[in-house]
1. Mind telling me which of the residues T154, T158, T226, T190 ends up being hydroxyl-bearing (S, T, Y) and at pLDDT below 95?
2. Which condition number does M259 fail, the rest of (1) more than 22 Å from D301 (Cα to Cα); (2) at pLDDT 95 or above; (3) among the aliphatic types (A, V, I, L, M); (4) surrounded by fewer than 15 Cβ atoms within 10 Å (Cβ to Cβ) being met?
3. Quick one: which residue in Y195, Y208 is among the hydroxyl-bearing types (S, T, Y), under 23 Å from the mean Cα position of the chain (by Cα) and at negative phi?
4. With respect to the numbered conditions (1) modelled with pLDDT under 95; (2) surrounded by fewer than 21 Cβ atoms within 10 Å (Cβ to Cβ); (3) farther than 30 Å from G260 by Cβ; (4) of a type outside the set (D, E, K, R), which one is the sole condition not fulfilled by T199?
5. State all residues of region 232-247 that are open to solvent by less than 70 Å² (accessible area, probe 1.4 Å) and modelled with pLDDT of 95 or more; if no residue qualifies, say none.
6. Taking only region 287-315 into account, find how many residues are without any contact (Cβ under 8 Å) to a residue 40 or more places away in the chain and either in contact with a His (Cβ under 6 Å, 6 or more places away or on another chain) or over 28 Å from T154 (Cβ atoms) (or both).
7. Considering each residue of region 211-230, count those that are polar (S, T, N, Q) and open to solvent by less than 30 Å² (accessible area, probe 1.4 Å), and give that number.
8. Out of region 262-277, which residues are open to solvent by 20 Å² or more (accessible area, probe 1.4 Å) and over 23 Å from D175 (Cβ atoms)?
Amino acid sequence: MSTPQQPHNGFGGAPGYGTPPAGPPGGYPQQIPGGQVPGGQVPGGQVPGGQIPPPPGPYAPQGPYDAPAQGPYGAPPQPPYGVPPQGYPGYGGPGMMPPPVPPRNKSRKVGGIIGAIVGVLVVGSIASTVALRGGGSGGSGGSGGSGGPKYRITVPQTLAGGEYKLAKDISQQADGSVPNDGANEHGMKTVAGQYASGTKSLVMLGMYGSIDDPETTVEHAIQGMTRDGKTVVAVAEKKFTPSGGGDPLTCGVDVRTEMGQKVTLTFCIGADSSTSMNVAETDAADLSKDPQSIDLQKFADQAGKIRNEVRKPLA
């Protein structure tokens, strides 16, 4: 009897397996649901669609979609109709081989890439809070004489006037990953959300507390985004003033290699004496978009809208 880890449980190991059977093979422990095993058919349960595979050749059946035998070959003892269809090995009981991994489709790849983008922004935020430069109590945005923080960052259901819809609030994970205190930031809380608009995915990550020098926060956040060796600068960061007004945002384009795919990542970062906001976007319709073709002023205008939507006065 084969071990439960074999993809062909019982094939080639039980009597009668390995040559084309003329009827129910010798040693077969039980019948499939319905009580019939057609002569010359592969023993076992159902396969996807309910069809029994064609008769095998003189060798044991191959491939991950062949149905494994049941009964003593790995399924827990229960009536034949109590186990799921055996075209999906691994659902029959503990120790059985997991189902074959389907080909990685685009949506799954994009999901992994978005997770990596979240990581890029988190690493940038970590870099800003643990940086050794720019500390003190009298920076350009210092909170020493300002009466403390004035704003907080929220995660609304939509962004950019409703263009982006919240797909997942990841504030808990982000806050647990980013330090609360550093040389330049103090008593920080981190919030974050993943948003979608058609094929575009956007991640917003914000921190709020007390910031000594906002320029230092932006600088270290940008540096932190390329520290892992997978992300390189494609278009150097530059300051843009959003058309809707407000303080300038620092925006640029990075290219990240993730899961064998080059991903064009557009970002904008802004900070003041009590908040820092990072936004980054990628488009599944053109993951490797030419970085030079991106209109950074347009993205800064959008990021300015987002900043106005997520930054709220402290009560």
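The values are calculated or read from the model by the stated rules, or taken from the named source; none is laboratory data. Just so we're clear, the structure is a prediction, and the values are computed from it rather than from any experiment. No Cβ is skipped: glycine too gets one built from the backbone with ideal geometry, and neighbour counts run over all protein chains shown. Heads up: the accessible areas ignore ligands, DNA and RNA and are worked out on the full protein's heavy atoms, side chains in. Shrake-Rupley method; radii C 1.70, N 1.55, O 1.52, S 1.80 Å.
1. Numbers: T154 fails: at pLDDT below 95; T158 fails: at pLDDT below 95; T190 fails: at pLDDT below 95.
Of T154, T158, T226, T190, the one residue that is hydroxyl-bearing (S, T, Y) and at pLDDT below 95 is T226.
2. M259 satisfies every listed condition except (2).
3. Values: Y208 fails: under 23 Å from the mean Cα position of the chain (by Cα).
Checking each option against the conditions leaves just Y195.
4. The failed condition is (3).
5. Taking region 232-247 first, the residues open to solvent by less than 70 Å² (accessible area, probe 1.4 Å) are 234-236, 240, 242, 245-246.
Result: A234, V235, A236, F240, P242.
6. Initial filter on region 287-315 (without any contact (Cβ under 8 Å) to a residue 40 or more places away in the chain): 288-290, 293, 295, 298, 315.
Filter once more, keeping what is either in contact with a His (Cβ under 6 Å, 6 or more places away or on another chain) or over 28 Å from T154 (Cβ atoms) (or both): 288-290, 293.
So the count comes out to 4.
7. Residues of region 211-230 polar (S, T, N, Q): 216-217, 223, 226.
From what is left, the residues that are open to solvent by less than 30 Å² (accessible area, probe 1.4 Å) are 216-217.
Adding up the residues that qualify gives 2.
8. K262
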